[in-house]
Amino acid sequence: MGTSAVVVTAAFLALGGFAAYLVGVGSLAETRRLRRVGVPAVALVKLRPAGRGGVEGSPEPLLQFSTEEGAVMEVYAPVPSSRSRPLVDGALVPITYDPADPRLLLVEGRERRALDRAFAWLGAVLVLAALVLLIGAA
């Protein structure tokens, strides 16, 4: 492999790794921020009604809750329903929402911190691999 091909490969690795790292670290920081300033509430899970073909309109259920000021909010769940932890129509789930922007919320117990950490670690590893490629090509 020529030097220019190594540089191009390293650049793609570094850019992809840096993007993954930023996504992971940013999401972890947002989770910590919402834990710190968030307001706890209980939300009602509402599945979207089936469309013309009988298929549900969206896999993401809506969460309906009231803010401290009394405003009723309907927000798409930030996490999908899963087989092990389903978001069932009509169920009540604990959430924490941002009082400055109630559209930003966490569904308690479903923060996906492991996934966010994996993105951050994978991103760091890809950036380091890019550096190793560049050093080896020099």
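Coordinate-derived values only; no laboratory data. Note that the structure is predicted; figures quoted are calculated from it, not measured. Methodologically, a virtual Cβ is constructed for each residue, glycine included, from the backbone with ideal geometry; neighbour enumeration extends over all protein chains shown.
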Kindly put I135, I95 in sequence by how many other C-beta atoms sit within 10 Å of each C-beta, fewest to most. I135, I95
Two pseudo-spin positions, 7 Å from Cα along C-beta at V88 and at I135, lie apart in nanometres by 5.4 nm
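Output the peptides 74-85, 35-46 sorted from most to least packed, where packing is the average of other Cβ atoms within 10 Å over each peptide's residues.
35-46, 74-85
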Against the longest alpha carbon principal axis of the chain, how many degrees, from 0 to 90 and to the nearest 10, is the axis of helix 113-137 turned? 10 degrees
Rg and Dmax of the chain, using alpha carbons, in Å: what are they? 20.5, 64
Between 0 and 90 degrees, rounded to the nearest ten: what's the tilt of helix 3-37 against the longest Cα principal axis of the chain? 30 degrees
I need the calculated FRET efficiency for the pair F12 and E108, taking r as the beta carbon distance and R₀ as 41 Å, to the nearest 0.05. 0.60
Could you identify which residue out of G109, G16, G70 has the top mean-square fluctuation in a GNM of the chain using Cα springs shorter than 10 Å? G70
